[in-house]
Amino acid sequence: MKKIGHILARYTAWILGLLKVLGIWGVFVVAFADSALLGMPVDFVIATYVYQDRARMLLYVAMASLGSALGSIPLYLIGYLGGEKVLRKRIPQERFLKIHQSFERNEFWALMFPAMLPPPTPFKVFVLGAAVFEMKFRDFLFAIFAGRFVRFLILSLLVLWFGPQIINHFGGVFKQHWMLLSGAILEVGLILWLVARTRRFKSKKNAAPQPESGVDAERSAN
């Protein structure tokens, strides 16, 4: 245990030293590396930046979201070139079909909502799924950016309100109840999507030209 603690302490010191060198670009680089298969303590880094410089909170959130979106490109290319074989090797058949169905219903939300969730959500599986199921590259980047922006914004607000220690507490709660929380978030998202879709349908219906009555048609003909 002492050896593990020593390794973690050295790793933390290395991350903090790296952030000093990178300066304001630290959140972008760490978020990019985290998405590009390396795995980095992105929540810890964002919390550190925001807590020490709260005036630039939105800038850090946006930079981390952009880094996360761009860092997902290599995995997207792997999924696009490797096809279904890459994804099927990582997940069981039943889960593969569920992800496929979610992308068929609405591919944007199918990627955005997993991007909002913290670990242990297997987000990279959804990134591969977006490539395998041929999601548009522009929508792919925007869905990740939007999802990460929401996640990092909520994290930053919690850090400013409760302090950096909220990361460990929230992470522990999420690991214990991640299926319940994920289901609740996805359900809320589905409701919002249905409401938006209903409003869009009504607006199109109201905007459609109404057929002329017999009297109006006769007058126009004359």
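A short reminder: the numbers here are calculations on the coordinates, not readings from a lab. Since we're looking at a predicted model, the values are computed, not measured.
For the reader, a short list of remarks on this structure follows.
- Phi angles of region 112-118 translate, via the Karplus equation with coefficients 6.51, -1.76, 1.60 and θ = phi - 60°, into HN-Hα couplings of 5, 5, x, 5, 7, 8, x Hz per residue; Gly and Pro are given as x.
- 3J(HN,Hα) couplings calculated from phi for region 85-100 with the Karplus curve 6.51 cos²θ - 1.76 cosθ + 1.60 (θ = phi - 60°) are, in sequence order, 4, 5, 6, 5, 6, 8, 9, x, 4, 4, 5, 4, 5, 5, 5, 4 Hz; Gly and Pro show x.
- Projected onto their three principal axes, the Cα atoms of region 115-159 cover extents of 37, 22, 7 Å, largest first.
- Estimated vicinal HN-Hα couplings, Hz - region 154-162 in sequence order (Karplus 6.51, -1.76, 1.60; Gly, Pro = x): 4, 4, 5, 5, 5, 5, 5, 7, 10
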